[in-house]
Amino acid sequence: MSITCSVYIAASVDGFIARPDGDIDWLLRPEYATDQMHGLSYEAFISTVDTLVMGRHSFEKALTFEPWPYEGMSVVVLSSRSLAIPTPLQNKVRVMNQDPVSLVTQLAAEGKQHLYIDGGQTIQRFLQAGLLNELTITYIPLLLGAGIPLFGVLGQEVSLRLLAATPSPNGFVQVRYAVQV
């Protein structure tokens with residue numbers, strides 16, 4: 001299976017990707033805005049991706065953004081429950097209920113080459129299945145104290161090899177790791 005699975009995500013320094021209620025407004029503080037971001041930009045990353053795989057909670061959060069942030073990209077939402085897809089997204093978003101290995105096998109057979117894996121539980125499931133190749137995490141200079149953890153309890157050790165660590169003037173620190181298999 002020749003497919004790359006990558007994560008590109010922001011987290012608080014204490015490892016949370018959202019508040020306990022799923023809110024991510026803390027990522028949008030005006031003091032974080034800067035033209036001097038260093039490291040792998042989202043634009044450079046996303047330009048290499050052909051499919052976004054996200055969990056239901058991440059999808060529901062993305063639906064609140066105007067405009068739809070993934071225009072022109074194939075999106076797969078993993079959910080064990082039925083999910084209503086808004087009419088404008090009907091041919092752009094697929095809901096699937098598969099384990100990560102089966103999903104990656106199917107998407108590879110469809111010719112997909114680079115999957116962007118998003119959402120805490122989805123990232124954890126792909127890590128546990130040994131499918132993630134690279135993690136790019138931008139740490140935001142904030143301790144949330146509680147929330148939805150990026151990794152939670154994986155139940156196994158995962159070795160990482162540092163590819164880059166890049167600070168930015170606004171206090172962000174981006175780390176890129178290759179996942180060792």
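The values are calculated or read from the model by the stated rules, or taken from the named source; none is laboratory data. Please read all numbers here as calculations on a predicted model, not as lab measurements. Positions of Cβ are generated from backbone atoms using ideal geometry, with glycine treated the same way; all protein chains shown enter the neighbour counts. Side chains included, ligands, DNA and RNA excluded: accessible areas come from the protein's heavy atoms. Shrake-Rupley method; radii C 1.70, N 1.55, O 1.52, S 1.80 Å.
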For this session: Have a look at ILE3, PRO86, MET37 and report the one farthest towards the positive end of the charge dipole of the chain, computed about the Cα centre with Cβ charges (Lys/Arg +1, Asp/Glu -1).
Result: ILE3
Exercise. Within the accessible area of the stretch 1-110, what % is carbon and sulfur when the probe is 1.4 Å and the other protein chains stay in place?
Worked result: 53 percent
Seminar exercise, completed: Given a 1.4 Å probe, the accessible area of the chain per residue, as a whole number of Å², is 53 Å²
Seminar exercise, completed: Both in Å, the radius of gyration and Dmax of the C-alpha trace of the chain are 16.0, 44
Exercise. Once amide H atoms are placed 1.01 Å from N in the peptide plane, what residues at a sequence separation of 5 or more from ALA11, or on another chain, have their amide H within under 5 Å of its amide H?
Worked result: THR138, TYR139, ILE140
Seminar exercise, completed: Between LEU160 and ASP14, the FRET efficiency computed from the C-beta separation at R0 = 30 Å comes out, to the nearest 0.05, as 0.95
Problem set entry | Net dipole in debye of the chain [+1 Lys, Arg Cβ; -1 Asp, Glu Cβ; about Cα centre; nearest 20] | 380 debye
Problem set entry | Measure of compaction for the stretch 108-164 (Cα Rg per 2.2 N^0.38 Å) | 1.31
Problem set entry | Note, ³J(HN,Hα) from phi for the stretch 113-121, Karplus 6.51, -1.76, 1.60, rounded to Hz, x at Gly and Pro | 10, 9, 9, 9, 9, 9, x, x, 5
Problem set entry | Percent RCO, i.e. relative contact order, over the stretch 75-131, from Cα pairs under 8 Å lying at least 6 residues apart | 35 percent
Problem set entry | Fully extended contour minus Cα-Cα distance, from GLU43 to GLU110, at 0.36 nm per residue | 21.7 nm
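Take every DSSP beta bridge whose two residues both sit in the chain, then give the antiparallel share in percent to the nearest 5. List each step's numbers first, then the result.
Working: 15 of 38 bridges.
Antiparallel bridges make up about 40 percent of those DSSP assigns within the chain.
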Problem set entry | From phi via Karplus (6.51, -1.76, 1.60), per-residue ³J(HN,Hα) for the stretch 143-159 in Hz, x at Gly/Pro | 9, 6, x, 6, x, 8, x, 5, 10, x, 9, 7, x, 7, 8, 10, 8
